[in-house]
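Please treat every number below as a calculation from the coordinates, not as lab data. Nothing here was measured: the structure is a model prediction, and the numbers come from that model. Because the Cβ atoms are built from the backbone with ideal geometry, glycine has one as well, and the counts that use them run over all protein chains shown.
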């Protein structure tokens, strides 16, 4: 019909315009562009026509022609808002964000009640990371049009940027309710769910966004983040690379690529990706956190701390960065306890920004009644916390203490099942907000709430700031102060928390009499093997700890031992040793102390059975410092391998002392580095005595407090009862006054 009309009257612009629209619909884009150009030439003096033709050029991807039309429309009618608005959309598409913001504001200056333009302004402010201003723009859009899916979607994006993830989820779901086929809404919902650490739901939402718009860099990026949260790092890498393919200048995508590469121990590639992210956005915090983790895997704790501090300087309110920095500082030998307390108190200040703690509980202040104990952890599984919790949890008197577990990890294993059977109630709390979890704990009428994760990956310390239980304690999982003022007690012992170091903590100290650690014999452990040096003719020292603990200071001391015993070897077994890059980095660090690669045996961690079997190849274990071993020390002792440890100056550095004293092996604790070297060399030199120690070690530690779960459980029960009685006494005094 358009062509017929044009044969009769070839100067009708509407006919050419309609023909162009029809041809575009048929996919004949070149012909459509020619038709639209003819319409444009015939309407050079009509602002309305130029605006409409500009939109059609926009749809055709002819951005230059579209811009010329919008500019012409504005020149013809400076008070006409719609060309400004459409120009803003085009500038957004061209990633000219500041220009787009100016265009949207011009449109709103001319007509303030344009709800879609307020929504568009929100989107462009989000792109510039002006999330507070974006929030305000979206709320204005929703005031004008409460059913605008674009406004709800962009509000979700703004709230994600403000880290108000619960509100962001609500906004995203409202946008999807209004427009189920909005890729932006699904993508923003995915971002909100990642922030809430509900990674399975985030993966589903982000995948839906990609189905609706396969070219959305943001959707691919959020999918990658959700996959990383699910520990599917190879898939996360692929998703990040797709995000970069669609937006090579996305600093977030490059950061997330760096993170997924880091988790695969591809350090050089990870660093390059992070450097690219920083180049694109020098104010972005996350790539610095990723770089810090890369340094930690190499044992470079000082460099890691610097990167975390840079991340914190760019985002000073981020709780994860504060926790990561605190955890990192435990590896750093020159960290002062006062410095750690200052950062922990900064965490406490930030965590209270939106917290209103409970000040009353449905718990009677009866000193002697049955108590409800709540355990909060992300580590009820094959993890050091799970191993140390196993024996005591089994032996706790369930007629006196009722155990409620709140599990913050999505996957379970055989140890999870074993721990669960000793609990009166078991609740998976992954994805629950801290406020929701606090309300549940409060409703469960928990008397004593115990943190078992601290500032580690799956910890829930912000929940404790709500004070959902009258008595709150931290034990296991983290070996320094939490800084959270609502946590009343830190469980320690005479070794890890000596009286002269009480000022290291914001919590009060409750000392268990033997040790704050109790280990259970490893399931399926093989028999103790003969002393390897009697078979090999040389000593094999070993360390099966995470290699992040092996700092330059540790390598210097271990190298002294190897140089003094030229036939000896050092066997290092850890997950990092499966990486060629990290093996080469470690070899280079030893080479600086004149220790060649032939002196080192490097292996990945393998299965748990293979790990235990490997102790048959070790004569003496060497404990790292200041971050001493825990689980590995106890397992080594059970396998007949004595451990040399160094007396420390803080909780984590005292850990080896506590374990060896509980195992009745105080003579393996060195007072300084020189004695550490001396013990390692002198005990290895007397192979007959060492073989005797090895042969009797399992039976010795089996009868020691370290492996005596009933004894430990009694000590722990006394501690819980004492804490409860102290609170009851305070309550009764308050009531009388």
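Side notes on the structure shown:
- Folded to 0 to 90 degrees: helix 651-662 orientation relative to the chain principal axis, Cα: 30 degrees
- Among 481, 548, sorting on how many other beta-carbon atoms sit within 10 Å of each Cβ, with the fewest leading, yields 548, 481.
- Applying 1/(1 + (r/R0)^6) with r as the Cβ-Cβ distance of residue 231 and residue 711 and R0 = 25 angstrom yields a FRET efficiency of 0.10.
- The mean sequence distance of close C-alpha pairs (under 8 Å, at least 6 residues apart), as a share of the length of region 532-707, puts its relative contact order at 22 percent.
- If R0 is taken as 51 Å, the Cβ-Cβ distance between residue 591 and residue 96 corresponds to a FRET efficiency of 0.50.
- Cα gyration tensor shape for region 389-435, rounded if a/c is under 1.5, else prolate or oblate: oblate
- The Cα center of region 247-297 and the Cα center of region 606-685 differ in position by 35 Å.
- Structure-based [θ]222 nm, the chain - -39500 (n - 2.57) summed over DSSP H runs of at least 4, per residue, nearest 500: -18000 deg cm²/dmol
- q = 0.08, 0.09 Å⁻¹: log10 I(q)/I(0) that the Debye formula gives for the chain, counting C-alpha atoms only: -0.74, -0.88
- Inter-label distance, residue 563 to residue 30: 7.6 nm, where each label sits 7 Å from its Cα along the C-beta direction.
- Whole-angstrom Cα spans of region 371-511 along principal axes, big to small: 40, 31, 31
- Note on region 460-518: Rg/Rh from C-alpha atoms, Kirkwood Rh, equals 0.96.
- Angstrom value of the Kirkwood radius, inverse mean 1/r, which spans all Cα pairs in region 271-322: 10.7 Å
- Overall Cα dimensions of region 2-187, principal axis frame, Å, largest first: 61, 34, 26
- A straight chain from residue 264 to residue 214 at 0.36 nm per residue would run longer than the Cα-Cα distance by 15.4 nm.
- Length added when fully stretched, residue 605-residue 167, from 0.36 nm per residue minus Cα-Cα: 153.5 nm
- Relative contact order %, the chain, counting alpha carbon pairs below 8 Å whose residues are six or more apart: 8 percent
- Take the Cα of residue 732, go 7 Å toward its beta carbon, and the backbone nitrogen atoms of region 358-398 under 16 Å from that spot belong to 364-370.
- Rounded if a/c under 1.5, otherwise prolate or oblate - region 532-707, Cα gyration tensor axes: rounded
- By average C-beta atoms within 10 angstrom, highest first, the peptides 189-196, 110-117: 189-196, 110-117
- In this label model, residue 667 and residue 700 are separated by 0.8 nm, measuring between points 7 Å along each Cα→Cβ vector.
- Angle of helix 81-93 to the longest C-alpha principal axis of the chain, folded into 0 to 90 degrees and rounded to 10: 40°.
- Relative contact order computed over region 647-691 (Cα-Cα under 8 Å; 6+ residues apart), in percent: 24 percent
- Note on residue 397 and residue 578: the model spin-label points, each 7 Å out from Cα along the C-beta direction, lie 4.5 nm apart.
- Region 667-737 - Kirkwood radius from inverse mean 1/r over Cα pairs (Å): 16.4 Å
- Theoretical gain in end-to-end length, residue 598 to residue 411 [0.36 nm per residue, Cα-Cα removed]: 63.3 nm
- In degrees, nearest ten, helix 115-127 long axis to first principal axis of the chain (Cα): 40 degrees
- For region 289-363, a/c is not less than 1.5, where a ≥ b ≥ c are the root eigenvalues of the C-alpha gyration tensor, and a/b tops b/c. That puts it in the prolate class.
- Over region 350-425, the ratio between the Cα radius of gyration and 2.2 N^0.38 Å evaluates to 1.32.
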